[in-house]
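Working notes, structure below.
The values are calculated or read from the model by the stated rules, or taken from the named source; none is laboratory data. Just so it is clear, the model here is predicted, and its values are computed rather than measured. Cβ placement follows ideal geometry from the backbone for every residue including glycine, while neighbour counts extend to all protein chains displayed.
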Amino acid sequence: MSVAQSFDAFLEATPTTKELTEHVDVGTNWYILGTMLDLDQKRLRSIEAQAGHTDTHKMIEMFNLWLTTTPTASRRQVLEVLRKRVVNEHTVADKYEKYLKELHDTTYISLAVSILQRNIQSLNEALVSPLKVAPGFPKVGSCTLWNKDYVIIMGYSQDLEGKAKKDHCSDEEKEFLHQIEDNQDIKKDFQTKQEKDALSELNEELKKINKAQNLEIENLKATIKEKNETIEEPIQVLQKQSQDKEEEEGDFPHKGLYYEEDDDDYYYYDMNKPQEMHFSLTEVPESANIDQLLKLRERKELGSVVLHDNGVRLCDVSIKQCQELLVRMKAKYFWIDINRSTPDIPRFLIPALLEIRSIGVIKLNCTPLDSDVIRSSSYQLSHNRTLKHLVIKDGSINDDGVIALAQSLKHNLMLSSLDLNHNPGITSACVQSLAELLLTNNTLTRLDLQYNNIDSDGIVILMETLKTNKILEISLNKYHWQRCSSLPYYRDISERLKFLDFCP
């Protein structure tokens, strides 16, 4: 007997490119979706580099690559990846799942009902047998027909029923009517029994399928557990070796790979007790630019992840390392420090980090943050309730980024410190947006604008906001002191200004 396929089994089937293109349109998120589907980064970058192609064409290329290189590709994988925090395409996932349920119902459940109906029809036909024709009725050949409503015997059935109701029919006619009624009762009883048997058989087949699926899932879990144990054993050996080496040297042995810690009391590091290290053998030159970093990465000579007791420090990591980090991130981690990384790293990490409720500090050093990333994360920045300190320094942001950031933080109710120092790309062009932020936001208490290219006129605009904003403290270069001290209201705001020595 053919049995309807369960929806779980239906999700394990491989989708078609046409199906994915019509129902999984993620627009510009196609690159992140391809990354989470574990596609080769070089192949993805080659698709992204195709000139003249729209995001839809690139998305189709990505789906074709996934279907041709992943033997285990399934609809379930697509739904799970769409709902991950990094991709954050819940609406697309819900619509796609709704479509799949409708497709499953029309394709398989309708098929089961059709089979059941055909079986019942066959039983009906098998039950139809010639009935004895009452004597005295004329015959045309040997034709005797009947259905569930009434008997038709050469056109005399209506008259026969009428006679029976009025009790005017003969004994032979009554016997004939009783014979018809008995046959109808037998037929109904037989139909009911056969329907129950058919449904029972269908349920038994479905139970067998579910049992087989559960067994397959248990086998898969056992395989995954076995692989995890195989992987964890060498990791534990490496951790032990790393700890032994630290004890011998008496200090953290690879300081050349990292920046020095900040002295700010809110930014806590415990560099002497890293839990895990994945470091390269090549130290990072202080003058390294983005092109040099990319070359080092291609030669696999760079990239580090250090897990501390309450935070994570990254240096020129890859997308794959970021994926592993998000999987292993613990709720206790309070801060993350991203150093000397290419723009694709914050593009991948920032949306996910803003969804982690324990993260209170995000710091970017020498890591370009595109304004598009900020705009796409605007809702998360505005409604985040855990991020207290945001540090974007050392050439990581420019005017466009500051404008997008200021717009996103206007209604944020948690962020208290914003550090934008050492960003030569910040000029007076973004001052108006910053001023609007300072006049709207009531929780920001610290703003660091040291070593930027904001001129005196721009500084005066910011000083004007301090007449209304009574809680904000701003850090500036010392050469701005003369212009600020000449303002008539300087005495009222002087305690909330910090002027530091200029270091060329």
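Beta carbons closer than 7 Å, at least 6 apart along the sequence or on distinct chains, pair a first residue in region 13-40 that is in the same structural domain as Phe63 (by TED's automatic domain parsing) with a second that is in a loop (DSSP other than H, G, I, E, B) and among the β-branched types (Val, Ile, Thr) for Asn29/Val87; Ile32/Val86; Ile32/Val87; Leu33/Val26; Leu33/Val87; Met36/Val86; Met36/Val87. If you check Ile397, Ile426 for being assigned by TED's automatic domain parsing to the domain that holds Trp335, at pLDDT 95 or above, closer than 17 Å to Arg340 by Cα and out of contact with any Phe, Trp or Tyr (no Cβ under 9 Å at 6 or more places or on another chain), only one passes: Ile397.
For Ile359, state whether it is under 13 Å from Phe334 (Cα atoms) and surrounded by 17 or more Cβ atoms within 10 Å (Cβ to Cβ). Considered against the rule, which asks whether it is under 13 Å from Phe334 (Cα atoms) and surrounded by 17 or more Cβ atoms within 10 Å (Cβ to Cβ), Ile359 comes out as yes.
Looking across region 375-392, just one residue is in contact with a Lys or Arg (Cβ under 6 Å, 6 or more places away or on another chain) and crowded, with 17+ Cβ neighbours inside 10 Å, and that is Val391.
Under the condition of being crowded, with 19+ Cβ neighbours inside 10 Å and polar (S, T, N, Q), which residue from region 328-353 is modelled with the highest pLDDT? Selected residue: Asn339. Pairs, please: C-beta under 6 Å, at least 6 apart or cross-chain, first residue farther than 13 Å from Leu462 by Cβ and in region 484-504, second in a strand (DSSP E or B) and at pLDDT 90 or above? From region 484-504, the pairs are Lys498/Ser475; Phe499/Leu476.
Of the residues making up region 306-321, not one is of a type in the set (Lys, Arg), over 23 Å from the mean Cα position of the chain (by Cα) and either assigned by TED's automatic domain parsing to the domain that holds Leu39 or not in a strand (DSSP E or B) (or both).
Within region 44-58, being touching a residue at least 24 places away in the same chain (Cβ under 8 Å) and surrounded by 15 or more Cβ atoms within 10 Å (Cβ to Cβ) holds for Asp55, Lys58. For region 59-94, residues that are under 14 Å from the mean Cα position of the chain (by Cα), in contact (Cβ under 8 Å) with a residue 40 or more places away in the chain and part of a helix (DSSP H, G or I) total 7. Looking only at region 20-34, decide whether some residue is buried (at least 19 other Cβ atoms within 10 Å of the Cβ), in contact with a Gly (Cβ under 9 Å, 6 or more places away or on another chain) and modelled with pLDDT of 90 or more. The answer is no; no qualifying residue exists.
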